[in-house]
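Participant: Handing you a structure now.
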Amino acid sequence: MRTIYILWLRQVKKYLRSPSRVIGSLGQPILYLVALGYGLGSIYAKAGGGNYIQFLTPGVIGMSVLFTSIFSGIEIIWDKQFGFLKETMVAPVSRFNIMLGRTLGGATVASLQGIVVLILSVVVGFRLTNFSLLIPAFVFMFLTALLFTALGTAIAARLNDMQGFQLIMNFLVMPIFFLSGALFPLSGLPKIIEYLTRINPLSYGIDGLRGTLIHAATFNLWTDFGILAVLSILFIAVGAYLFSTIEA
């Protein structure tokens, strides 16, 4: 447990001690909120969808959590290249504890990033409909972050350099984001798109955020929670196994 705590704390401290990293990672969410929120807001309202910023904000929070958590897991590749990972791996501690500590730390950082985006969205014009559901919203943020940090760890365990990074972005992360319903409703879609959104883990994270923040969930919130929890455990197990195969 001590190893898990130390690695978790190291990840969180690294985030808090890098204000430039925090500010830099907020550029894309703010751009989406302002450019899409106001740019498409009138079209969305005319189509009978209401306030687009209200609808968009949970999706942008999910996007921020997704990107931060995936990149947190992929940091293992950098540690491999510069030898930092080897120093950790040769320590007389369980590799599962090392992986779990890093994963929990990355998930915490991604969740903090999501909270910051939520606060900024209020400045842009977003309004919470029920403050009592903030805690469940944070739970959905953390589960989403945990799932994708574990996925990032599993991917990083199989890569030896950053050459495959663009492939991951273009063929995994971006499709996950765009097919999650972050930018559009999940109802009334063509069958193939609907099927892809249903098998996309991020869809349930964003739907859970919409349900808790604006009462606009497509699925049942318990369904969202159950799927995220099961997939998080599964991805942690896969990530732990692949992490254990890394050569020190």
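Participant: Checking the conditions here, which among A145, A154, A150, A110 is hydrophobic (A, V, I, L, M, F, W, C), modelled with pLDDT under 90 and within 18 Å of I233 (Cβ to Cβ)?
Facilitator: After ruling out the rest, the residue left standing is A154.
Participant: Considering only residues that are within 13 Å of the chain's Cα centre (by Cα), at pLDDT below 90 and not β-branched (V, I, T), which ones fall in segment 173-204?
Facilitator: Answer for segment 173-204, where residues must be within 13 Å of the chain's Cα centre (by Cα), at pLDDT below 90 and not β-branched (V, I, T): just M174.
Participant: Tally up the residues in segment 201-248 that are under 30 Å from R95 (Cβ atoms) and of a type in the set (A, V, I, L, M), please.
Facilitator: The number of residues fulfilling the criteria is 15.
Participant: Among the residues of segment 24-59, which ones are farther than 26 Å from A110 by Cβ and surrounded by fewer than 13 Cβ atoms within 10 Å (Cβ to Cβ)?
Facilitator: Of everything in segment 24-59, those that are farther than 26 Å from A110 by Cβ and surrounded by fewer than 13 Cβ atoms within 10 Å (Cβ to Cβ) turn out to be G39, S42, I43, A45, K46, A47, G48.
Participant: Same structure, new question: What residue, among those in segment 60-85 that are surrounded by fewer than 17 Cβ atoms within 10 Å (Cβ to Cβ) and either of a type in the set (A, V, I, L, M, F, W, C) or within 22 Å of T129 (Cα to Cα) (or both), is modelled with the highest pLDDT?
Facilitator: Top of the filtered list is W78.
Participant: Can you find, within segment 12-44, the residue that is modelled with the lowest pLDDT among those that are in a helix (DSSP H, G or I), under 22 Å from L179 (Cα atoms) and among the small types (G, A, S)?
Facilitator: Here the answer is G41.
Participant: Continuing with the same structure: Looking only at residues in segment 111-140 that are surrounded by 17 or more Cβ atoms within 10 Å (Cβ to Cβ) and hydroxyl-bearing (S, T, Y), which one is farthest from H215 (Cα to Cα)?
Facilitator: S111
The values are calculated or read from the model by the stated rules, or taken from the named source; none is laboratory data. Computed from a predicted model, the values in this text were never measured in an experiment. Virtual Cβ from ideal backbone geometry, glycine too; neighbours counted across all protein chains shown.
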